[in-house]
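First the structure, in the form of structure tokens, and then the observations on it.
We did not get these values from a lab; they are worked out from the coordinates using the rules stated. Just so it is clear, the model here is predicted, and its values are computed rather than measured. Virtual Cβ from ideal backbone geometry, glycine too; neighbours counted across all protein chains shown.
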Amino acid sequence: MFEIASSGLRGWMEDLVAGVLPSVYQISSFDWVLVGLYLATMVVLSCYGLHRYQLVYLYHKHKRNTPGEPEGRFEKLPRVTVQLPIYNEQYVVEQLLESICRLDYPRDLLQIQLLDDSTDETQQVARAACRRLAELGHPVEYLHRNHRTGYKAGALQAGLATARGELIAIFDADFSPDADFLYKTIHYFTDPKVGMVQGRWTYRNRNHSLLTRIQAILLDGHFVFEHGARSRSGRFFNFNGTAGVLRRTTIEDAGGWQFETLTEDTDLSYRAQLRGWKFLYLPQLEVPSELPVDMTSFQAQQARWAKGLIQTAKKILPLLLRSNLPLKVKAEACFHLTGNISYPLMVVLSILLLPAIVVRYYHWSGQLLYLDIPLFLGTFSSLSTFYVLSQKELYPRRWRRAALMLPALMAVGIGLTLTNARAVMEALLGIASPFQRTAKYSTDQSRAQLARGKYRVRGGWLPTAHLAAGSYFGFCILCCLLIGNWATMPFLMVFVMGYYFTGVLMLVQSRQSRLASRARGLLE
């Protein structure tokens, strides 16, 4: 009976293909073009995947180049300005200021600028907090702009007009450095070539949920292997926009903070390194921060970074490729700044997948499997290897837990495809968009409840789009089942999981945010 049903389904499948895609198996030239595009997309994705292996190799090859203690120490400490750019951060601004005021540094050599572009009650909360802390003797200054020209970059550039420090430390609203942060960083600037020192992010709410644990692993991969490999091997790497210290003359020599991109930190970093400034990364210098706790905020953050890097690539790569820098530096910069092109390629791959499956079933059967396996290993296996090894490097005793989370990690990564692909295409086409802040909810539960109600990020069409994409890949699985293409099904299942997980989570968290909004109305 099963054989009868199977043959009936197979016949239905052949009728479907003949009715819907007749040209797929009747016009051989179209077949070659279709499969050629599919394989070409996989090859390009594999190149970026293999690049991750190279980063792991460079990280270990140049392990001895990790910065140790600074070679010199200031006899007379430099003046430091701490800049705190914020925008509508009502529920975290006080904890930010209190954390910065705990920095251990002579008060006559320290200046703290709260750069507030807020348009809501954050202004009143921030002014009151600055006034209270100033009365206690802390060198806190409140600067407010009535516009958002240049967004964060504009606020930082405006703050430089009144900054008195030789060194500029920058922290976003959710960061809380240890008291000895400045003493651990400033003495590296005794080397006149050093223009920036970057710390490693850690996460207070790492174990808040499955989503935050996955985000932490993704960012750990960035800080361990990307920053680690690039900084150790003499390639360019970027200031992360927070948890770092820059020399003021480095900022000015590079042309100041500029507003053409959404990743002003990477833009400035490349311009400064092109001018010959040396950047240092201190993996041992941990700075606690807060991860986005809802999927919509996480996607908005990742889309901003994806778009900003492509914008920076368009701006910086022509200058860099014309420079006299070594080929290895230029190649790494190309991979770094263009890496997010993989997202629109993933969309192309998704569109080509179903017709490619059908064409291969009728023409090449299993012959292309010999190409699929190495391409799959280069494209997707590199991701799992990259992130598991980063966890092993950071947590040698408990890294195996991260390996158990690989399916969820892959699913969340795939769930970023639609938003990041749109962001990349906007960057390529020159479509401008505002700097969309990442909502900060605070680790205090009562404040977090209020923040979710007030700073709710709407998903709009995204949940529906993700569920539709998941359904499409579910249909692809059905097609593979009918034609006996078992090898492709596990690969497709990851896509189904990713899109459905993202879409459902966005719907659930959207409802939670609406409830939080009602609760905020009652509490306030």
Taking 433, 118, 297 and counting other C-beta atoms within 10 Å, the order from fewest to most: 433, 118, 297
Protection-proxy order for peptides 326-335, 468-477, 81-90, each taking the mean of Cβ atoms within 10 Å per residue, highest first: 81-90, 468-477, 326-335
Sorted by Cβ density within 10 Å, fewest first, the residues 61, 76: 76, 61
Straight-line reach only, C-alpha to C-alpha below 22 angstrom: list the lysines that residue 184 could link to, leaving out same-chain residues fewer than 8 apart. 63, 76, 193, 278
The ³J(HN,Hα) series, computed from each phi in region 288-303 with the Karplus coefficients 6.51, -1.76 and 1.60 at θ = phi - 60°, rounded to the nearest Hz and given as x for glycine or proline, is x, 8, 10, 8, x, 9, 10, 4, 5, 5, 4, 5, 5, 4, 5, 5
Length released on extending from residue 384 to residue 136, taking residue separation times 0.36 nm less the Cα-Cα span: 84.3 nm
How big is D for region 71-178, in µm² s⁻¹ as a whole number, if Stokes-Einstein is applied with the Kirkwood radius of its Cα pairs at 37 °C and 0.692 mPa s? 233 µm²/s
So which lysines can residue 328 reach, going by Cα to Cα under 16 Å and dropping same-chain residues fewer than 8 places off? 61
For residue 281, which sequence-distant residues (separation of 5 or more, or a different chain) have an amide H within less than 5 Å of its own amide H, given hydrogens modelled in the peptide plane? 198
